[in-house]
1. Would it be correct to say that Leu241 is under 17 Å from the mean Cα position of the chain (by Cα), of a type outside the set (S, T, N, Q) and crowded, with 17+ Cβ neighbours inside 10 Å?
2. Might you let me know whether region 41-50 holds any residue that is surrounded by fewer than 18 Cβ atoms within 10 Å (Cβ to Cβ), touching a helix residue (DSSP H, G or I) at 6+ places or on another chain (Cβ under 8 Å), at pLDDT 50 or above and among the aliphatic types (A, V, I, L, M)?
3. Spot the failing condition for Arg70; the list is (1) assigned to a helix (DSSP H, G or I); (2) in contact with a Gly (Cβ under 8 Å, 6 or more places away or on another chain), and only one is missed.
4. Using beta carbons and a limit of 7 Å, which pairs, at least six apart or on different chains, have the first residue in region 195-208 and touching a residue at least 40 places away in the same chain (Cβ under 8 Å) and the second one in a helix (DSSP H, G or I) and of a type in the set (Phe, Trp, Tyr)?
5. Considering region 172-181 alone, what residues qualify as being part of a loop (DSSP other than H, G, I, E, B) and in contact with a helix residue (DSSP H, G or I) (Cβ under 6 Å, 6 or more places away or on another chain)?
6. Which one of the conditions (1) assigned to a helix (DSSP H, G or I); (2) in contact (Cβ under 8 Å) with a residue 24 or more places away in the chain; (3) not charged (D, E, K, R) does Leu189 fail to meet, given that it meets all the rest?
7. Can you go through Thr86, Thr46 and tell me which one is within 18 Å of the chain's Cα centre (by Cα) and in a helix (DSSP H, G or I)?
8. Listed residues Leu167, Leu196, Leu210; which is in a helix (DSSP H, G or I), at pLDDT 90 or above, over 29 Å from Trp58 (Cα atoms) and out of contact with any strand residue (DSSP E or B) (no Cβ under 7 Å at 6 or more places or on another chain)?
Amino acid sequence: MKRSFLSRLHTHGIYYLIGALLLLVGVPLYQFTILNPEGYNTALATVSKGSFVTYLLWLQAHLGQFLGYRVLLIMSFALLLSLPFTVFRIIVAQEILGREDVEQEKLVNDAATTASDEEDDNENRDEEETDGMPPYAWRGRGFAVLAAWAGLTGVIFVTGGTILSTLYLFIIGSSFSSHATVEGAFSGLSSTFDILTYTVGGGLLATALLFFGAIIASRGRHLWPGIWVLFSYLAIAGAALLSGSAVAVATVASAPAEGQATLTSPAILIFALWVLWLGIMLVRLKPEP
């Protein structure tokens, strides 16, 4: 592995570690220690029941704390913008290394063959050269490309949806009072932002994790170290939870927070653990001797 590529992986790994730790520790800790003592969890619970007055009054009184919470959430996903194509490049590099190993092994076998086996060896060599690479290599890279673009688009939707939701809630909350009435469009717009974030963004992330996990798992120990194979299984599990969350949020579009309470938090937790695992593996990579 070239040092320039390795140094970029180390740098990206640090970004992913920070993003994952924000999702796993920073955001929940901020909510439990700063927001919940101020009544955030109680106010949020009223949203799932279709009542927005208590939530908006809470926002009006705690805009600074709310913005701090959302900034942490936005930062955690913004740090992951390069992640999908980083995983894609790792998969491609591993495919190339695997192909080179096969070719080297083939050369050793060719040098060891006897003259009496030359005809059979030529037949086998012709069959291998029709592919020019390990079995299903092109197919795997095709799915890796789809996974990379789905993952990048998913991170953009999650980050962008959270930003739009934050700006909208800040505008509404800053001007709301106990004498004001909730605008009729509030529920619809809030639902739209949550669907963009958790259904569209989360669904795209689920697609990316599923494809990445399936590609690595399908090669197994033939191409990947055991730790990467286990990593792929966690990706598939994360894809299942993110898919369930995406469907749940879309199903309860009239009160998306209700759908988030059941599956979205565990899905984000598994996704963050997957990102943390990736970050640790990247910062621990060493150049080949």
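1. Details: under 17 Å from the mean Cα position of the chain (by Cα): yes; of a type outside the set (S, T, N, Q): yes; crowded, with 17+ Cβ neighbours inside 10 Å: yes.
Answer is yes for this residue.
2. For region 41-50, residues surrounded by fewer than 18 Cβ atoms within 10 Å (Cβ to Cβ), touching a helix residue (DSSP H, G or I) at 6+ places or on another chain (Cβ under 8 Å), at pLDDT 50 or above and among the aliphatic types (A, V, I, L, M): absent.
3. Result: Arg70 passes all but (2).
4. So the pair list comes out as Thr197/Phe157; Val200/Phe157; Gly201/Phe157; Leu204/Phe157; Leu205/Phe271.
5. Step one: filter region 172-181 for residues part of a loop (DSSP other than H, G, I, E, B), giving 176-181.
Of everything in region 172-181, just one residue is part of a loop (DSSP other than H, G, I, E, B) and in contact with a helix residue (DSSP H, G or I) (Cβ under 6 Å, 6 or more places away or on another chain), namely Phe176.
6. Exception for Leu189: condition (2).
7. Working: Thr46 fails: within 18 Å of the chain's Cα centre (by Cα).
After applying the criteria, what remains is Thr86.
8. Numbers: Leu167 fails: over 29 Å from Trp58 (Cα atoms); Leu196 fails: over 29 Å from Trp58 (Cα atoms).
Selected residue: Leu210, the only one of Leu167, Leu196, Leu210 that is in a helix (DSSP H, G or I), at pLDDT 90 or above, over 29 Å from Trp58 (Cα atoms) and out of contact with any strand residue (DSSP E or B) (no Cβ under 7 Å at 6 or more places or on another chain).
The values are calculated or read from the model by the stated rules, or taken from the named source; none is laboratory data. As the structure is a prediction and not an experimental result, all values here were calculated from the model. When we count neighbours, we look across all protein chains shown, and the Cβ atoms used for this are built from the backbone with ideal geometry, even at glycine.
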